[in-house]
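See below for the structure under consideration.
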Amino acid sequence: MIPLTGFRHWIDIGRGTDAILSFETAAVVHLLLPGAPKVLTGTWRKTADGIQLTWHGGPTSLWTIAEPAAGQFVYIEVTSTGDVVRGYVTRIAHSDPTRLRS
């Protein structure tokens, strides 16, 4: 199982630089997308099927994190038209939300 609370995930989303997703607490999450001018903040919670992310001033979405091979994790967005692979985890480390850009 991939660690969430208190950890950051670097995710290759195919833009040349990884997105950084930081699970600050059991309810607060931050996201820095490649090239984005600011960090998005929202809430998250575990569901029976994965995790639900709700961004302040933005959308709510359901995600699963698959492990197709030992130690390899894939973020999959669950949509009304089917599951969509969105990125591959390249690194996991303890989170420091005050230093999300590093």
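The values are calculated or read from the model by the stated rules, or taken from the named source; none is laboratory data. Computed from a prediction, not measured in an experiment: that's the story for all the values here. Here Cβ is always computed from backbone atoms with ideal geometry, including for glycine, and neighbour counts include all displayed protein chains.
Does GLY42 satisfy being touching a strand residue (DSSP E or B) at 6+ places or on another chain (Cβ under 8 Å) and either surrounded by 15 or more Cβ atoms within 10 Å (Cβ to Cβ) or farther than 22 Å from MET1 by Cα (or both)?
Judged against the criteria, GLY42 is a match.
Only residues that are over 19 Å from PRO3 (Cα atoms) and not charged (D, E, K, R): list them for the range 60-92, please.
If the condition is that a residue be over 19 Å from PRO3 (Cα atoms) and not charged (D, E, K, R), then THR60, SER61, VAL78, THR79, SER80, THR81, GLY82, VAL84, VAL85 are the ones that fit.
Kindly evaluate VAL78 against the criterion of being surrounded by 14 or more Cβ atoms within 10 Å (Cβ to Cβ), over 12 Å from the mean Cα position of the chain (by Cα) and modelled with pLDDT of 95 or more.
In short, yes.
Out of all the residues in the range 23-43, is one or more of a type in the set (S, T, N, Q) and either closer than 13 Å to TYR75 by Cβ or within 11 Å of the chain's Cα centre (by Cα) (or both)?
No, every residue in the range 23-43 fails to be of a type in the set (S, T, N, Q) and either closer than 13 Å to TYR75 by Cβ or within 11 Å of the chain's Cα centre (by Cα) (or both).
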